[in-house]
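The values are calculated or read from the model by the stated rules, or taken from the named source; none is laboratory data. Keep in mind it's a predicted model, so treat the numbers as computed, not measured. As a convention, Cβ positions derive from the backbone with ideal geometry for all residues, glycine included, and neighbour counts pool all protein chains shown. When the accessible area is computed, the model is the full protein with side chains, heavy atoms only, and any ligands, DNA or RNA have been set aside. Shrake-Rupley method; radii C 1.70, N 1.55, O 1.52, S 1.80 Å.
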Number of protein chains: 2
Amino acid sequence: MIAEKEKAIGVFDSGVGGLTVFRELMKQMPKERLIYFGDTARVPYGSKSKETVTNYSRQIIRFLRTQDVKAIVVACNTASAMALDDIEEETDIPIIGVVKPGALTAAETTKNGKIGLIGTEATISSGIYEKYLKEMHPHVSVLGKACPLFCPLVEEGLLDDPVTTEIARRYLAGLVDSGIDTLIMGCTHYPMIKDTLQAVVGESVVLVNPAYETARECKTMLSGKDLLNEKEIELGSSAYQFFVSDAAEKFKTIANMFLPLGILGAKTVPIEDYK
Amino acid sequence: MIAEKEKAIGVFDSGVGGLTVFRELMKQMPKERLIYFGDTARVPYGSKSKETVTNYSRQIIRFLRTQDVKAIVVACNTASAMALDDIEEETDIPIIGVVKPGALTAAETTKNGKIGLIGTEATISSGIYEKYLKEMHPHVSVLGKACPLFCPLVEEGLLDDPVTTEIARRYLAGLVDSGIDTLIMGCTHYPMIKDTLQAVVGESVVLVNPAYETARECKTMLSGKDLLNEKEIELGSSAYQFFVSDAAEKFKTIANMFLPLGILGAKTVPIEDYK
């Protein structure tokens, strides 16, 4: 039997975006085995209801449990915002999302107390980033803006493109005018267009990528529970595994844009059966 | 018991786009009751596999059968392209998709035999439009181009906008250069940006909207089977009903952009249970 600390960490997202979190986990915890699940059959989550996103998250957790993971990272802002409270209670292994760590970094970063937040409609309207930020920092003001076109633009590969810049200008104009000094990239796709976002908001605004802080919190949490893996990962062992609910071939192509790792393949899982 | 010809026609789509087909059905058959199902929990279909789209279509047909419909219109190009062959065989009421009627119109329209086709990745790579077109017109050449950004641009309301024009220019440049004289709008969202598309391809190219021909074929088919409703729809009766798999409120908002009808509401259906 495999020792608890040698088990993998499960990571899930609505699709490919969570690979920006996966990348941070790899970087900060190079000895950990990671299992990724992307819900490519039902992506995107950002326009869907709390009930549906919670239901989908439950199915994915049930699948990840069959892979015998020691902890789960919800690498999707929408699922973290809408489902984490409920699924946390139902799960007996540690589970962390990207929202709280992102909010914490933003609270520590802001000097003028004006924080911008961009994400999917579902993340923005959930109000969850604001809730956490106000708990940490009661006088902070949070200005949210849903940016539904950013994900399709990223997935179409328009990372450094005048169209993406123009759309970013429109989405961010209100935030810039209101004088924010910190901007939370509240969707895992957005770090892929970080340079465009930075150019539009100006150098004085600090961009917060929740992925970085999430990986740090995950490491601290595992360390506190004595669950960090101590053995080196052997070369050639399957340290990183990828599962999707649909279109594994297409995942491979886009995933290699997110993760310069040479992903060789992903297995398809009939996720609706995990109920 | 309700007479067969007085039963409703079921119409389904991956989301809101199929409402352009719904609109044509309303116009051409004002005496018919219509029941619409939009799979808003799992939209979009256009990036998904044949297996998944077929599975989703089966669930929706099972749901529509519980509403006692006399015929089904698959108002989604992706589902028509990927699933219709299989589900047709399994269904004992008439079922028609949008692809065959669209292909027929294009074949009748073209003069130089060069037909352009735009749609989702799934529709384009299925090759189904080309298959039908070649059957009708062996010497026709079909040039397809997937346009994944059009749907999100339409749903964001950028119907008449320089960004949409710029993206259309990029997507359509190859088709224009190759000298097409006919362009099939092979996704139900695209008629919403018809003016932009027409401006980009030029007035000499005829745009084909499969929705129009689909409604015509549906009427002919029902008439042939003596299934056309002859009674006037009574005012105040629920002639048009809308169901979705998620986020009924949001559906209402976008649906009213597609259908100038004042949609009062949609009911949510747990579609995964219909298996």
Residues of segment B:248-275 being aromatic (Phe, Trp, Tyr) and touching a Gly at 6+ places or on another chain (Cβ under 7 Å), in sequence order, are B:Phe251
Across segment A:81-92, the tally of residues that are assigned to a helix (DSSP H, G or I) and in contact with a Lys or Arg (Cβ under 8 Å, 6 or more places away or on another chain) stands at 3
If we keep only residues of segment A:132-143 that are surrounded by fewer than 21 Cβ atoms within 10 Å (Cβ to Cβ) and touching a helix residue (DSSP H, G or I) at 6+ places or on another chain (Cβ under 8 Å), then the residue nearest to the other protein chains (Cβ to nearest Cβ) is A:Leu143
With the first residue restricted to segment B:83-100 and required to be touching a residue at least 40 places away in the same chain (Cβ under 8 Å), and the second required to be among the aliphatic types (A, V, I, L, M), Cβ contacts under 6 Å at 6 or more apart or on different chains are B:Pro94/B:Ala71; B:Pro94/B:Met221; B:Ile96/B:Val73; B:Gly97/B:Val74; B:Gly97/B:Leu84; B:Val99/B:Ala81; B:Val99/B:Ile128
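Part of a loop (DSSP other than H, G, I, E, B), more than 23 Å from A:Gly10 (Cβ to Cβ) and at pLDDT 95 or above, is that true of A:Ile180? Spell out the reasoning first.
On the way: part of a loop (DSSP other than H, G, I, E, B): yes; more than 23 Å from A:Gly10 (Cβ to Cβ): yes; at pLDDT 95 or above: yes.
So A:Ile180 fits the description; yes.
Scan segment B:51-64 and give yes if some residue there is assigned to a loop (DSSP other than H, G, I, E, B) and away from every other protein chain (no Cβ under 14 Å), otherwise no. Give the derivation first.
Filtering segment B:51-64 down to residues assigned to a loop (DSSP other than H, G, I, E, B) leaves none.
Looking through segment B:51-64, none of the residues is assigned to a loop (DSSP other than H, G, I, E, B) and away from every other protein chain (no Cβ under 14 Å).
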Among A:Lys100, A:Lys48, the single one that is out of contact with any Gly (no Cβ under 9 Å at 6 or more places or on another chain) and modelled with pLDDT of 95 or more is A:Lys100
>> Can you say whether A:Ser125 is small (Gly, Ala, Ser) and within 14 Å of chain B (Cβ to nearest Cβ), as far as the supplied structure shows?
In response: yes
Taking segment A:109-126 and keeping residues surrounded by fewer than 20 Cβ atoms within 10 Å (Cβ to Cβ) and modelled with pLDDT under 95 leaves A:Glu121, A:Ser125
Residues of segment B:232-249 being within 14 Å of chain A (Cβ to nearest Cβ) and open to solvent by 60 Å² or more (accessible area, probe 1.4 Å), in sequence order, are B:Glu249
Restricting segment B:195-231 to residues that are in a loop (DSSP other than H, G, I, E, B) and without any contact (Cβ under 8 Å) to a residue 40 or more places away in the chain, the one most open to solvent (accessible area, probe 1.4 Å) turns out to be B:Glu203
Is there a residue being open to solvent by less than 20 Å² (accessible area, probe 1.4 Å) and of a type in the set (S, T, N, Q) anywhere in segment B:178-194? yes
Here the qualifying pairs (Cβ atoms under 8 Å; residues six or more apart or on different chains; first in segment B:36-49 and more than 8 Å from chain A (Cβ to nearest Cβ); second part of a strand (DSSP E or B) and open to solvent by 30 Å² or more (accessible area, probe 1.4 Å)) come out as B:Tyr36/B:Tyr240; B:Tyr36/B:Gln241
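May I ask you to say which residue of A:Leu158, A:Leu149 is within 14 Å of chain B (Cβ to nearest Cβ), more than 17 Å from A:Ala81 (Cβ to Cβ), open to solvent by 10 Å² or more (accessible area, probe 1.4 Å) and among the hydrophobic types (A, V, I, L, M, F, W, C)? Write out each step before concluding.
Values: A:Leu149 fails: open to solvent by 10 Å² or more (accessible area, probe 1.4 Å).
The match here is A:Leu158.
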Report whether or not A:Leu259 is of a type outside the set (Val, Ile, Thr), touching a Lys or Arg at 6+ places or on another chain (Cβ under 7 Å) and either closer than 17 Å to A:Leu159 by Cα or at pLDDT 90 or above (or both). yes
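Can you report the number of residues in segment B:251-271 which are farther than 25 Å from B:Pro30 by Cα and crowded, with 19+ Cβ neighbours inside 10 Å? Spell out how you get there, then give the answer.
Looking only at segment B:251-271, we keep the residues that are farther than 25 Å from B:Pro30 by Cα, and these are B:268-271.
From what's left, crowded, with 19+ Cβ neighbours inside 10 Å: B:269, B:271.
Number of matching residues: 2.
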